[in-house]
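Only the coordinates and a few stated rules stand behind these numbers; no lab work does. Since we're looking at a predicted model, the values are computed, not measured. Heads up, the Cβs are rebuilt from the backbone with ideal geometry, glycines too, and the neighbour counts pull from every protein chain shown.
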Amino acid sequence: MIRRSAVAAAVFVSLALSSCSVNDGGMISETRMLMGTIVEIRVPRGGNIAENGTRELIHDAFSEMSRVESVFSAHLPDSGLSRLNRSTTGVPTEVSEEMFALIQRSVQMGKASSGAFDITVKPLIDLWKAVRIKGALPTEAELNNALSSVGSEYLRLDPASRTVTFMKHGMSIDMGGVAKGYAVSRAAGVLRAGGIHSAIIHAGGDMYCLGRRSNMAKWKVGIQHPRNKQRIVFRLPLSDASIDTSGDYERFFLLNGKRYSHIIDPRSGYPTGEYVVSATVVTDDPAYGDMLSTALSVLGPDALVRGSFADNSDAMMIVNEAGSLRAIATRGFIKRFGDVKKIPF
Ligand code: AMP
Ligand code: MG
């Protein structure tokens, strides 16, 4: 028996998954459906720019996000990424400066995370998409076949010619773990360049708090209880900061009663298990936070401890230990926001 989270539910939950909600009131707010999720931009009323001008800037920010989607989507056949994905093995393909830079950053994150984050994971994503449709687990041969085409070390990047070469047959790239954060950072850039001093950009699991909520106060972002979206369990005061969350409870499918996440462990070829419920990262760069939160979902809490990969980041995780939820955070996160052990799940 296979069950998918219904589209309407997925959309609703994706807004909620971000695990974040913001105190409202007196906001100019606009919403669009972009990159498979609901994107909301809010600007406090009474700011330095009149309402009409603010709405125009919000519109421009959405246009920029839509442009980013049209470049980095692996679903749109005309995107720059899809063109790259159609390239012949061993033949260098020239890409835009923007594409080259984001691929380069993604490969760096891949190395830093020992392969937990890997944009070449697409053959596995396609395999598990087929599993969802067929309702049957992959055979070992199918799994090994997809795995053999995964690995950033088989991507050759040449900065001089700005080319990308797939060095193994069957390779393709999926930027779903970074493009949304990147789009959020670009949207923040549009608002900032237009003179907006205060705004929230909220795209599913990725949120950027531009400036402060008011002269008096920072933005207050609430982490929702993962199983009860009405309950805020932790509050983070933020300004000029990005908060990015990856988790299993937004997009997943059920097969034979087991839950399969949309995040794949590129090392095993399997979707991440049910242990890590969510991973949240606070940074000043949404693209980085987006990648890191995805990597942490794969790596689990070991990546947060002293001396480990994410030790120097402000990151927290909610894990499910035999049905009971527990939060774990890096030293930096606890110092900045308080002890997550006290979260009342
Ligand atoms: P996020 O919601 O930011 O955690 O990103 C998840 C998306 O990133 C998935 O829907 C895939 O498109 C892609 N993805 C899945 N697993 C990985 C991985 N291990 N490394 C990089 N991207 C991934
Ligand atoms: Mg992410």
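Given the convex hull over the Cα atoms of the chain, what projected area results after averaging over all orientations, in nm²?
Numbers: hull surface 70.5 nm².
That works out to 17.6 nm².
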Check your understanding: Which value, in debye to the nearest 20, gives the size of the charge dipole of the chain about its Cα centre, when Lys and Arg are +1 and Asp and Glu are -1 at the Cβ?
Key -> 920
Revision key, fill the gap. Burial-style ranking of 266-272, 170-176, 205-211, average other-beta-carbon count within 10 Å with highest first, yields 205-211, 170-176, 266-272
Exercise for review: May I ask for the distance between the Cα centers of segment 255-309 and segment 104-136, given as a whole number of Å?
Suggested key: 12
Point to revise | the chain: relative contact order in percent, alpha carbon pairs under 8 Å with at least 6 residues between | key: 19
Review point. Where the only charges are on Cβ atoms (+1 Lys, Arg; -1 Asp, Glu), what is the dipole of segment 98-159 about its Cα centre, to the nearest 20 debye?
Key: 180
Practice item. With a 10 Å radius around each residue's Cβ, average the other Cβ atoms per peptide and rank 195-202, 333-340, 124-131, highest first. Key: 195-202, 124-131, 333-340
**Study point:** Charge dipole magnitude, Cβ of K and R +1, D and E -1 - segment 183-282, Cα centre, debye nearest 20
**Key:** 360
Study note, to complete from the structure: Its Cα gyration tensor gives segment 66-164 an equivalent ellipsoid whose semi-axes in whole Å, largest first, are 25, 17, 13
Exercise for review: Let me have the 222 nm mean residue ellipticity of the chain computed from DSSP H runs of 4+ only, each contributing -39500 (n - 2.57), with the sum over all residues rounded to the nearest 500.
Suggested key: -10000 deg cm²/dmol
